[in-house]
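Engineer: Take a look at the following structure, please.
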Amino acid sequence: MKVSTLAFGATALALAVGAGFVAAQQPQQPQGPQPFFVGNRLGLPIIPAAEGAFNAMSSNVKVYGAIYSAESCSYDPVRNLIVVPNRSVTQDVQTNNGWVSLINHDGSVHTARWIGVQTPGAQRANLTPPLVLNEPSGSDIANGMFYVSDRDGGTSPGDPLVAVIRWFNMTTGAPAGEVRVPRSTGFNDIEVADDGTIYATQTGTGGQTPDPTSWQVWKITKDGTASIWIQGAPLRQPNGIAFDQQGNIVVINIGNNEVLTFSPAGQLTKTETAVQAGNDGLVIMPDGTKYVSSVLNGGVSRIRPGRPAELIAQNIPTPASMCYDAGANQLVIPMNANNALAFIPLN
């Protein structure tokens, strides 16, 4: 996500996609005038390779559109619908222009704009309560609320980014609270406990000059007190986060293929590995099976307890922070700047 000193993982990825997309997935395009070309069908690479190489997306993956730059989703068991926050454009283009869509199991649109049907500006500012939803990223449903990791600032080079967790009433959609964390420039994924405690990943920097101190998991208590819960190794650009059935906190890294399980006290208790590195999405089933999506390499790993990881789907363009649709027994995966959702039935 957008990168300043501390990267907002998936936004930076979305911006990279808009600029031409992840160098590791396809060759750099030559500079200067080029013949017109169109993109490949769904698979990898997205931009046609010079030598014509192409790998089609798995046949068990179905994709539907109607969302915009979504990074995560959550399943609403009351409505029996998929809730998708749309990031829209960055703050330097348009402030307060995010919205939330409701999607049916088959990918068709139930409500195109549930939260955020009002246009930015006076329509949103004049609501009671006012609506602010800038660039929502990670999401979770807990305690009758829809939580999103958002951020303020970034409207100009001199306007600092500030991480914000916002939540909305799942019955009315109305804003119900927020916590600003000025010490962070932006969170990626979030997970919310029954007592209201929020765990949030800050992906931080990678590349040639990584800063391990920027790899963080934050803990925000119900009273709004925010603190760094884990920092540095074994984190390596942490991205997805979820609870397992024992109440442990599981974190996946975009910087490697590790799946890290921490106790509530913050002690590392288990390290597993996905098939691919570059991971973003994490779903944990009641039987302990974990599904991990690689936003960089396009695959979905299944990690069953005590068994090696296996790839159940591959060549999905930018599969981000997925959710489990219990009403249809399927994984739903936002595809970042591809402006679509991927659906994988679990048999």
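Engineer: For the stretch 246-253, indicate whether the set of residues that are in a loop (DSSP other than H, G, I, E, B), on the phi > 0 side of the Ramachandran plot and open to solvent by 30 Å² or more (accessible area, probe 1.4 Å) is non-empty.
Structural biologist: Among the residues of the stretch 246-253, at least one is in a loop (DSSP other than H, G, I, E, B), on the phi > 0 side of the Ramachandran plot and open to solvent by 30 Å² or more (accessible area, probe 1.4 Å), which makes the answer yes.
Engineer: Another question, if that's okay. Checking THR111 against (1) under 30 Å from VAL61 (Cβ atoms); (2) crowded, with 23+ Cβ neighbours inside 10 Å; (3) hydroxyl-bearing (Ser, Thr, Tyr), which test does it fail?
Structural biologist: Evaluating THR111 over (1) under 30 Å from VAL61 (Cβ atoms); (2) crowded, with 23+ Cβ neighbours inside 10 Å; (3) hydroxyl-bearing (Ser, Thr, Tyr) leaves (2) as the failure.
Engineer: Being under 12 Å from LYS62 (Cβ atoms) and buried (at least 24 other Cβ atoms within 10 Å of the Cβ) is the filter here; which residues of the stretch 305-330 pass it?
Structural biologist: Hit for the stretch 305-330 is ILE316, nothing else.
Engineer: What about ASN126, is it in contact with a Lys or Arg (Cβ under 8 Å, 6 or more places away or on another chain) and either open to solvent by less than 20 Å² (accessible area, probe 1.4 Å) or at pLDDT below 95 (or both)?
Structural biologist: no
Each row is one residue, and each column tells you yes or no for (1) closer than 20 Å to LEU341 by Cβ; (2) in a strand (DSSP E or B); (3) open to solvent by 10 Å² or more (accessible area, probe 1.4 Å); (4) not hydrophobic (A, V, I, L, M, F, W, C).
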{"position": "ILE165", "(1), (2), (3), (4)": "no, yes, no, no"}
{"position": "THR172", "(1), (2), (3), (4)": "no, no, yes, yes"}
{"position": "VAL179", "(1), (2), (3), (4)": "no, yes, yes, no"}
{"position": "THR185", "(1), (2), (3), (4)": "no, no, yes, yes"}
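Engineer: Next question. From the residues in the stretch 43-92 that are closer than 24 Å to VAL117 by Cβ and small (Gly, Ala, Ser), which one is most open to solvent (accessible area, probe 1.4 Å)?
Structural biologist: Filtering the stretch 43-92 for residues that are closer than 24 Å to VAL117 by Cβ and small (Gly, Ala, Ser), the one most open to solvent (accessible area, probe 1.4 Å) comes out as ALA66.
Engineer: What are the pairs, 6+ residues apart or on separate chains, where a residue within the stretch 181-201 that is free of Cβ contacts under 8 Å to residues at least 40 places away in the same chain has its Cβ under 7 Å from a residue that is open to solvent by 20 Å² or more (accessible area, probe 1.4 Å) and not hydrophobic (A, V, I, L, M, F, W, C)?
Structural biologist: If the second residue must be open to solvent by 20 Å² or more (accessible area, probe 1.4 Å) and not hydrophobic (A, V, I, L, M, F, W, C), the pairs left are ASP195/LYS222; THR197/LYS219; THR197/THR221; THR197/LYS222.
Engineer: Of the conditions (1) surrounded by fewer than 13 Cβ atoms within 10 Å (Cβ to Cβ); (2) modelled with pLDDT of 95 or more, GLY121 satisfies every one except a single condition; which number is it?
Structural biologist: Status for GLY121: all satisfied but (2).
Engineer: Would you point out which residue out of SER108, SER137 is closer than 30 Å to TRP215 by Cβ and hydroxyl-bearing (Ser, Thr, Tyr)?
Structural biologist: SER137
Engineer: What are the residues in the stretch 205-242 that are in a strand (DSSP E or B) and loosely packed, with under 14 Cβ neighbours inside 10 Å, if any?
Structural biologist: Hit for the stretch 205-242 is SER227, nothing else.
Engineer: Taking only the stretch 133-144 into account, find how many residues are open to solvent by less than 40 Å² (accessible area, probe 1.4 Å) and part of a strand (DSSP E or B).
Structural biologist: 3
Engineer: When you scan the stretch 145-163, how many residues do you find that are assigned to a loop (DSSP other than H, G, I, E, B) and hydroxyl-bearing (Ser, Thr, Tyr)?
Structural biologist: So the count comes out to 2.
The values are calculated or read from the model by the stated rules, or taken from the named source; none is laboratory data. Quick caveat: nothing in here was measured; it's all calculated off a predicted structure. Reconstructed Cβ throughout: ideal geometry from the backbone, glycine too, with neighbour counts over all protein chains shown. All accessible areas refer to the heavy atoms of the entire protein, side chains included, with ligands and DNA or RNA removed. Shrake-Rupley method; radii C 1.70, N 1.55, O 1.52, S 1.80 Å.
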